[in-house]
Amino acid sequence: MARAPLLQLSGISLGYGGEPLFSDLSLVVQPGDRLALVGRNGSGKSTLMKVMAGLVEADSGSVIVTPGQSVGYMEQDPDMSGCATLGDFAAQGLEPGELYKVERAGEGLKFDPARPVATASGGERRRAALAALMAQEPALMLLDEPTNHLDIEAISWLESELKSTRAAFVMISHDRAFLRELSRATLWIDRGSVRRQEKGFEHFEAWRDAVWEEEDTQRHKLNRLIKSEARWAVEGISARRKRNQGRVRALQALRAERAAQIRRQGRADLALESGPQSGKKVIEVEGLSKRFGDTEIVRNLSLTVQRGDRVALVGPNGAGKTTLLKLFLGEIAPDSGTVKQGTNLEVAVFDQARAQLDPEMSLWESLTGDSDMRVSGRADQVMVRGAPRHVVGYLKDFLFDEAQARAPVRALSGGEKARLLLARLMARQSNLLVLDEPTNDLDVETLDLLQEVLDDYDGTVLLVSHDRDFLDRVATATVVMEGEGRAVVYAGGWSDMIAQRGERAAEIAVDKPKPAKAKPRPEAAAAKGLSFTERHRLDALPAEIARLEAEIAKLEQLMSDPELYTREPVKFQKATDALVERQQKLSAAEEEWLVLEEKAEG
């Protein structure tokens, strides 16, 4: 017998004065659903989630929650008035015997239930709101960017909890790895409608591209048909006017159909331009140490950042990643050791706290009020990489419309604020780019474009991020801040670092410091034709290949059971998929090893 749905939306329409955000939207959430809710920034993902939670009333349509079921929503900006501590807020509605759930969530999400609300940061408040939702255990959880303000260890804990829960959930996230790990189906908001695919986020981009390709094909056919009928109307209608009025009306209908089509939102026009070339050595660190009171941030770190490197800093919240950035940039003096900056540096900084944006200023003022961007004597133009641009035209490059130009920054969504910061950042020339949590709130398409821009950037990048997929796509070296002053340098991105450590992604902290590996002399690496990063990668590949071979052997042994397919078809399919994946990774690793080995010998 089919189970009743947890939640049903029927005929939902909603608008805010202009074009409707949704029109006649319907969807159903079933027990056990694990849905990724995706769409462009501004498409209405968060608004739809609030409609589902009953926090926003639609202009028309109905929202039905099956009796006896409950829906929980993670507040982005929770109202904690009347609560003395974060724990008081998270424990609301719980019985005394259930308070352990808050303590457990506090440990996993890394917030202190005893922290007074008055002194809690925005990130701590969000983590408390997430803990409250997890502790209440509703039948359906609505999670809006749950990984923002979480470090990788806390993200891994949350992934584990959501994998084991019996509740259904709908999640909005910019974190591809998080969505791939958890989703079983995908809801895609696109131009006011919602499509559903019974596959997880891993298949979303192929699905999206196929839908768009079909749209483009149909639009091309429609345009050709209209062109053909319009030519007929001009050349042949005069002699047959009465007889062909139906065909004229059909042409008018075709034109109306084309006019009614809603164009897809374009991609932001992101671009970076390097300033004058920096010296070959951008930052050289020797024996760097820094502490604040009893807290040791970094101890005896040595690192050389070369021109063109992409160096990522990762580690738990509070480990000191932003402090290490400031040490590198000379904004904070070390207790011991040296930091030498290279010659001719021009630095541009993306600030995770969005402190560069005044919420009361308009978007227009945010650009023209920047002395580096202001065009002397012109209040309507800004300087963009050495050339004057009209403010509205430049804002349109970042997907803002003319009506938003005079709106206050506080009216923007998180993704829109990130795009505005990118607009400020990318207007100036630079050869050292510092990105502190740039991926928060950006949609998938903008993240893809940002990665492409960074790939083409001639300068050097220092990056702080908890987005594992983005780290894998961008970083050429990763500095892991493990706590208690330990900072260890690995070649490559997140997955490369994990392979070299031979540990799970969540296990950032270790009990004992690892013995420092001897750092190869740069001239020795160069003599063998390898960069420092490539030498590290070549050293790490044999262990990675051995691990993949061992995993393949185990999977082949499992699948050798002739009864497995009949007895456990789901397990058989998972094992098959895992075997194919590891065989592909093994082939790629072996090929990479051969290339690097040949280069080293050359």
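Overview of values
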{"item": "Selection within the stretch 138-186 - in contact (Cβ under 8 Å) with a residue 60 or more places away in the chain, in a loop (DSSP other than H, G, I, E, B), touching a helix residue (DSSP H, G or I) at 6+ places or on another chain (Cβ under 9 Å) and within 19 Å of Lys101 (Cα to Cα)", "result": "Pro146, Leu150"}
{"item": "Subset of the stretch 107-125 (residues that are modelled with pLDDT under 85 and not in a loop (DSSP other than H, G, I, E, B))", "result": "Gly122, Gly123"}
{"item": "Any hit, the stretch 51-58, residues being modelled with pLDDT of 90 or more, surrounded by 13 or more Cβ atoms within 10 Å (Cβ to Cβ) and either under 14 Å from Gln136 (Cβ atoms) or of a type in the set (Lys, Arg) (or both)", "result": "yes"}
{"item": "Some residue of the stretch 383-393 being touching a residue at least 60 places away in the same chain (Cβ under 8 Å) and crowded, with 19+ Cβ neighbours inside 10 Å", "result": "no"}
{"item": "Condition met for Glu551 (of a type outside the set (Lys, Arg), at pLDDT 70 or above, out of contact with any Lys or Arg (no Cβ under 9 Å at 6 or more places or on another chain) and outside the structural domain of Leu462 (by TED's automatic domain parsing))", "result": "no"}
{"item": "Some residue of the stretch 465-477 being on the phi > 0 side of the Ramachandran plot, under 22 Å from the mean Cα position of the chain (by Cα) and either modelled with pLDDT of 85 or more or hydroxyl-bearing (Ser, Thr, Tyr) (or both)", "result": "no"}
{"item": "The stretch 296-348, residues that are at positive phi and either crowded, with 19+ Cβ neighbours inside 10 Å or touching a Pro at 6+ places or on another chain (Cβ under 7 Å) (or both)", "result": "Gly315, Gly320, Asn344"}
{"item": "Test: Gly68 is in a loop (DSSP other than H, G, I, E, B), surrounded by fewer than 18 Cβ atoms within 10 Å (Cβ to Cβ) and touching a strand residue (DSSP E or B) at 6+ places or on another chain (Cβ under 9 Å)", "result": "no"}
{"item": "Test: residue in the stretch 442-458 that is more than 13 Å from the chain's Cα centre (by Cα), closer than 19 Å to Gly308 by Cβ, buried (at least 24 other Cβ atoms within 10 Å of the Cβ) and modelled with pLDDT of 85 or more", "result": "no"}
{"item": "Residues of the stretch 158-177 classified as at pLDDT below 95 and within 18 Å of the chain's Cα centre (by Cα), total", "result": "8"}
{"item": "Filter pass, Gly17 being outside the structural domain of Glu445 (by TED's automatic domain parsing), surrounded by fewer than 17 Cβ atoms within 10 Å (Cβ to Cβ) and at pLDDT 80 or above", "result": "no"}
{"item": "Flag if Gln76 is surrounded by fewer than 20 Cβ atoms within 10 Å (Cβ to Cβ) and more than 24 Å from the chain's Cα centre (by Cα)", "result": "no"}
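One line per residue, one yes/no per condition, for (1) under 23 Å from Gln92 (Cβ atoms); (2) out of contact with any Gly (no Cβ under 9 Å at 6 or more places or on another chain); (3) not assigned by TED's automatic domain parsing to the domain that holds Leu449:
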site	(1), (2), (3)
Arg166	yes, no, yes
Arg176	no, yes, yes
Leu179	no, no, yes
Leu182	no, no, yes
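To keep it simple, each residue is scored yes or no on (1) surrounded by fewer than 14 Cβ atoms within 10 Å (Cβ to Cβ); (2) touching a strand residue (DSSP E or B) at 6+ places or on another chain (Cβ under 9 Å); (3) outside the structural domain of Asp441 (by TED's automatic domain parsing); (4) closer than 27 Å to Pro438 by Cβ.
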residue	(1), (2), (3), (4)
Gly87	no, no, yes, no
Gly97	yes, no, yes, no
Leu109	no, no, yes, yes
Pro113	no, yes, yes, no
Ala120	no, yes, yes, yes
Gly123	no, no, yes, yes
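The values are calculated or read from the model by the stated rules, or taken from the named source; none is laboratory data. This is a predicted model, so every value here is computed, not measured. Every residue, glycine as well, gets a Cβ built from its backbone with ideal geometry; the counts of neighbours run over all protein chains shown.
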